[in-house]
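What follows is a single structure, written as C-alpha cells, with notes after it.
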Amino acid sequence: MSKGIIKKIAGPLVIAENMRDANMFDVVRVSKQRLIGEIIEMHADRASIQVYEETSGLAPGEEVESTGVPLSVELGPGLIKSIYDGIQRPLDDIMKKSGNSLHRGVEVPSLKRELEWDFEPCVKAGDKVSGGDIIGTVKETEVVLHKIMVPPYMSGTIKSIVPGKYNVEQTVAVLQTEDGEENLTLMQKWPVRVGRPYAKKLSPDKPLVTGQRVIDTLFPIAKGGVASVPGPFGSGKTVVQHQLAKWAEADIVVYIGCGERGNEMTDVLNEFPELIDPKTGKSLMERTVLIANTSDMPVAAREASIYTGITIAEYFRDMGYSVALMADSTSRWAEALREMSGRLEEMPGEEGYPAYLGSRLAQFYERAGRVVSLGKDGREGTLSVIGAVSPPGGDISEPVSQATLRIVKVFWGLDSGLAYKRHFPAVNWLTSYSLYTDMLGKWYNEEVAPDWMECRQRLMRLLQEEAELEEIVKLVGMDALSSPDRLKLEAARSIREDFLHQDAFHEIDTYTTLKKQHMMMKLVLSYYDLSAEALENNADIEKLVSLPIRERIGRFKYVPVDKIDNEFKNLNEDLSRDIAETAALLTEE
C-alpha cells in the first residue's frame with residue numbers, strides 16, 4: 001500500500017508525491033477525511049489524483065493512501081431499486097450515517113450487508129463450470145430473477161454448493177481451480193473502466209420498441225443500439241428519456257443523472273415508484289437502478305457515474321437481459337473532462353475540451369451492443385444506450401454534439417421551435433435520422449405489416465414535400481398553390497398533428513403499440529390517396545379539407561387498444577363513403 005504527501009491542490013485535482021508504488025487508476029484516500037480519489041496521471045513518483053468529493057479545507061503536507069485497486073463496483077443482489085451517487089455509494093445509507101447534509105469521506109458498502117437472499121443452486125458438486133456460467137439464482141424483486149454467475153476468467157469444478165439464505169459476502173459455493181480453491185459469493189467486483197467480456201457480438205437487427213410514434217416509425221433504435229438526444233434547454237430531453245425509461249421494451253433500466261439539476265432526479269424518484277410497469281403490473285422501480293450525480297455534487301464524480309452506470313448495465317446484460325441505459329447528460333461529463341484537462345495543463349482542443357474527448361465518448365458508447373454472453377447456455381443479452389446532449393443554445397455544431405454524432409447511429413434532434421409550439425416530442429423530422437432503419441425494415445415488414453416500410457417512406461416524403469411547399473407559401477401565399485399541393489399540405493398537417501404529436505401524460509396516448517401505429521399511418525395515407533383520386537375527378541378541395549371525419553382520424557390515437565380494430569374498420573368505411581359523396585356532389589352540380 002503506497003502512502004504519499006499532498007504537494008498541490010487545484011479544485012478537484014490533487015497532486016501527491018512519494019507515490020512510486022501506486023498504479024494508474026488506483027483508488028486513493030486523501031487526507032484524514034479519507035476523501036475518495038482516483039489516480040489519472042503518473043510522472044515518476046508524482047501522482048495526479050481526481051478527487052470525487054469536495055476538496056476545500058485540504059492542505060499540502062497531508063497524507064494520501066493508495067488502496068492498490070482500481071475504481072470498482074460491487075455487482076450482486078440489491079442493485080435493483082437502489083439509488084447511488086456517482087461512486088456507487090447508496091444515498092439512503094449515507095443519509096442514515098450523516099443526516100440530510102452529505103459529509104465528506106463517508107464510507108458505506110455499495111450492497112447492503114445485512115440483507116439476506118434466498119439462493120437456489122442450478123449446478124451440483126462435481127460439475128465443471130467456467131466464467132459466465134450460472135451457478136444459481138436469487139429472486140431480487142418480484143420481476144427480476146438475479147442470476148449468480150461465475151466471475152469471468154475463472155473456471156474449475158464445483159466442490160460444494162448449498163441452497164439457503166446468504167448475504168452478499170457469505171460463501172455459497174467452493175470452486176476447485178488449477179490454482180486452488182476459490183470461494184464464490186453472491187457478489188463480484190469489477191473495475192468500471194474495463195468493459196465486461198462476452199463470447200460474441202451480434203448484429204443489432206431487432207428494434208427496441210418504445211411506444212413513441214416518432215421514434216418507432218420514423219427513427220427507430222435497435223436493441224443493443226446507441227442513440228443521442230441533443231436539444232436546447234426546455235425542448236424536452238428529460239421527458240423523452242423518462243418516456244423511454246418507462247415504456248421501452250427493456251427488462252432492466254439504468255438511469256444516470258449526470259450533472260443534471262437535483263429536481264429532475266427528484267422527479268424520477270417520485271414518479272418511478274408510482275408508475276405501473278405495463279409488462280408486469282408492478283412498480284417500475286422493481287426493475288430500475290438509479291445513479292444520481294446532480295449539478296451541485298463534485299464535478300469530477302460525473303465521470304465515475306457514467307462508468308459506474310454502464311458497468312452495472314453490462315452485468316445485467318451478461319445475465320441475458322435486455323438493458324436500456326439513459327445518460328442525462330453526457331455534456332455535463334464532457335464539461336468535467338474539460339475542467340480536469342485544464343487543471344492538468346494539457347493542450348486544449350476545440351473550445352477548451354480535451355483532444356481525447358471523442359475517444360472517451362466512443363469508449364463509453366461502444367460498450368453497448370447485442371451479445372452472446374459468456375457461459376455454456378449461449379444466452380443473448382442486449383445493452384442499448386441513449387445519451388442526452390445539452391449543447392449551449394441548442395447549437396449542435398459544438399464539439400460534444402459533433403463528437404457524439406460521429407459515434408451514434410440514431411440522432412433524435414430536438415427543436416426549440418417545435419417545443420414552443422407545444423409539439424411534443426419535439427423531435428425534428430427533417431434533421432433527425434436513424435442508420436438502423438434499413439436493417440430493421442425486414443423485421444417490421446415481417447412482424448408488424450408487409451407494407452410498414454412503404455408507409456413510413458410515404459410519410460417521410462410528404463413531410464419533406466411540405467417543407468418545400470412552405471417556402472413557396474411564404475413567398476406567394478396559399479392561394480397560389482394548386483389543389484394537389486394544398487392536399488399535400490393538409491395530409492402533412494395530419495401527420496404532424498395526429499401522428500407525430502404524442503401526449504406523454506395521457507393514459508392511452510403515452511404508449512402506442514406497433515399495430516396501432518401502422519393503423520394510424522394507413523388512415524392518414526388513405527385520406528390522402530382517396531382525396532387525390534377525388535381531385536382528379538374535379539372534387540372541391542375546400543370540401544375535402546373540411547370533412548368532419550378528419551377529426552375522428554385525429555382522435556384515433558386516444559382509442560383504447562381493445563377497440564382499435566373495430567374503430568379502424570368503421571373509419572375506413574366512413575372515409576370512403578364521405579369522399580365518394582363529396583365527389584358525387586360535384587358531379588350532380
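The values are calculated or read from the model by the stated rules, or taken from the named source; none is laboratory data. These numbers come from a predicted model, not from an experiment. Positions of Cβ are backbone-derived with ideal geometry, glycine not excepted, and every protein chain shown enters the neighbour counts. The accessibility values were calculated without ligands, DNA or RNA, using every heavy atom of the protein model including side chains. Shrake-Rupley method; radii C 1.70, N 1.55, O 1.52, S 1.80 Å.
So, taking all protein chains as they sit and a 1.4 Å probe, how much accessible area belongs to Tyr198, in Å² rounded to tens?
Rounded to the nearest 10, the figure is 90 Å².
Apply the a/c threshold of 1.5 to the C-alpha gyration tensor of the range 34-163 and tell me whether it is rounded, prolate or oblate.
On the way: a/c = 3.46, a/b = 1.68, b/c = 2.06.
Judged from the Cα gyration tensor, the range 34-163 comes out oblate (a/c at least 1.5, b/c at or above a/b).
At a probe size of 1.4 Å, how large is the accessible area of Arg29, to the nearest 10 Å²?
That residue has around 30 Å² of solvent-accessible surface.
Could you put Glu471, Glu62, Glu178 in order of accessible surface area, largest first, with the 1.4 Å probe and the full protein assembly present? Before the final figure, lay out each step's value.
Numbers: Glu471 105, Glu62 45, Glu178 185 Å².
Order by accessible area, largest first: Glu178, Glu471, Glu62.
Pop the C-beta distance of Glu470 and His43 into the FRET formula with R0 = 41 Å and round what comes out to the nearest 0.05.
Here the calculated transfer efficiency is 0.10.
Taking 25 Å as R0, compute the FRET efficiency from the Cβ-Cβ separation of Lys279 and Leu435 and round it to 0.05.
On the way: r = 28 Å, r/R0 = 1.12.
My answer for the efficiency is 0.35.
Rounded, prolate or oblate: pick one for the range 355-496, where a ≥ b ≥ c are the square roots of the eigenvalues of its C-alpha gyration tensor, a/c under 1.5 means rounded, and failing that, prolate if a/b is larger than b/c, else oblate. Don't skip to the end; give the middle numbers.
Details: a/c = 3.34, a/b = 1.53, b/c = 2.18.
Oblate, because a/c is 1.5 or more while a/b does not exceed b/c.
So what is the relative contact order for the range 451-556, in percent, with contacts set as C-alpha pairs under 8 Å and at least six apart? Write down the numbers at each step before the final one.
Values: 61 pairs, mean separation 36.1, N = 106.
Relative contact order, the range 451-556: 34 percent.
What is the magnitude of the charge dipole of the chain about its Cα centre, with +1 placed on the Cβ of each Lys and Arg, -1 on the Cβ of each Asp and Glu, and no other charges, expressed in debye to the nearest 20? Please report the intermediate quantities before stating the final value.
Working: 69 positive and 90 negative charges, 307 e Å.
Using Cβ point charges on Lys, Arg, Asp and Glu, the chain gives about 1480 debye.
I need the phi-derived Karplus couplings for the range 76-82: 6.51 cos²θ - 1.76 cosθ + 1.60, θ = phi - 60°, integer Hz, Gly and Pro marked x.
Going residue by residue, I get x, x, x, 5, 5, 6, 8 Hz, with x marking Gly and Pro.
Working from the pairwise distances between different alpha carbons, so that the mean of 1/r is found and then inverted, what is the chain's Kirkwood radius in Å? It would help to have the intermediate numbers written out before the result.
On the way: mean 1/r = 0.0377 Å⁻¹.
Roughly 26.5 Å, rounded to one decimal.
Rounded to the nearest 10 Å², what accessible area does Phe219 show when all protein chains are kept and the probe is 1.4 Å?
Roll a 1.4 Å probe over it and Phe219 shows about 0 Å².
For helix 483-494, what angle does its Cα long axis make with the longest principal axis of the chain, in degrees from 0 to 90 and rounded to 10?
With both axes taken from Cα atoms, the answer is about 40 degrees.
Can you give me the accessible area per residue for the chain, using a 1.4 Å probe, in Å²? Please list the in-between numbers first.
Numbers: 24970 Å² over 589 residues.
Normalised by residue count, the accessible surface of the chain is 42 Å².
If you average the alpha carbon positions of the range 474-535 and of the range 343-411, how far apart do those two centres end up, in angstrom?
Here the answer is 35 Å between Cα centres.
Modelling each spin label as a point 7 Å along the Cα-to-Cβ direction, I'd like the Phe505/Lys165 distance in nm, to one decimal.
4.5
Return a whole-number percent for the relative contact order of the chain, with Cα pairs under 8 Å and 6 or more residues apart as the contact set.
Details: 1224 pairs, mean separation 74.0, N = 589.
The value is 13 percent.
Measuring from centroid to centroid over Cα atoms, what is the spacing of the range 267-323 and the range 48-109 in Å?
18
Suppose R0 equals 41 Å. What FRET efficiency, 1/(1 + (r/R0)^6) with r the Cβ-Cβ distance, do Lys563 and Met24 give to the nearest 0.05? Intermediate results must be reported in sequence, preceding the final value.
Working: r = 61 Å, r/R0 = 1.50.
Between Lys563 and Met24 the formula returns 0.10.
In whole Hz, what ³J(HN,Hα) sequence does the range 6-22 give by Karplus (6.51, -1.76, 1.60; θ = phi - 60°), x for Gly and Pro?
5, 9, 8, 10, 9, x, x, 9, 10, 10, 10, 9, 6, 10, 4, 7, 7
Taking amide H positions as placed 1.01 Å from N in the peptide plane, with prolines and chain starts having none, which residues 5 or more places from Ala222, or on another chain, fall under 5 Å of its amide H?
The list, which skips near neighbours in sequence, is Leu208.
So for the range 374-460, averaging the separation of alpha carbon pairs under 8 Å that are six or more residues apart and normalising by length, what relative contact order in percent results?
Working: 49 pairs, mean separation 14.2, N = 87.
Contact order relative to length: 16 percent.
Name the long-range amide H neighbours of Ser283: under 5 Å, sequence gap of 5 or more, or other chain; modelled H, no Pro or chain starts.
Asp277
What ³J(HN,Hα) values, in whole Hz, does the Karplus curve 6.51 cos²θ - 1.76 cosθ + 1.60 give for the range 52-61 when θ = phi - 60°, with x put for Gly and Pro?
Values per residue, Gly and Pro as x: 8, 9, 4, 9, 4, x, 6, 9, x, x Hz.
Hey, what angle do you get for helix 452-476 against the long axis of the chain, alpha-carbon based, 0 to 90 degrees rounded to 10?
70
In the chain, carbon and sulfur make up what percent of the accessible area (probe 1.4 Å)?
Working: 12670 of 24970 Å².
Of all accessible area on the chain, carbon and sulfur atoms account for 51 percent.
What is the helix-to-structure angle for 262-274, meaning the angle in degrees between its Cα long axis and the longest Cα principal axis of the chain, kept from 0 to 90 and rounded to the nearest 10?
Tilt of helix 262-274: around 80 degrees.
Show the residues, 5+ positions off or on another chain, whose built amide H is closer than 5 Å to the amide H of Ala10.
Long-range HN contacts for Ala10: Ile15.
Classify the range 400-455 as rounded, prolate or oblate, taking a ≥ b ≥ c as the square roots of the eigenvalues of its Cα gyration tensor: rounded when a/c is under 1.5, otherwise prolate if a/b is larger than b/c and oblate if not. Walk me through the numbers on the way to the answer.
Values: a/c = 3.84, a/b = 1.45, b/c = 2.64.
Note, shape of the range 400-455 comes out oblate.
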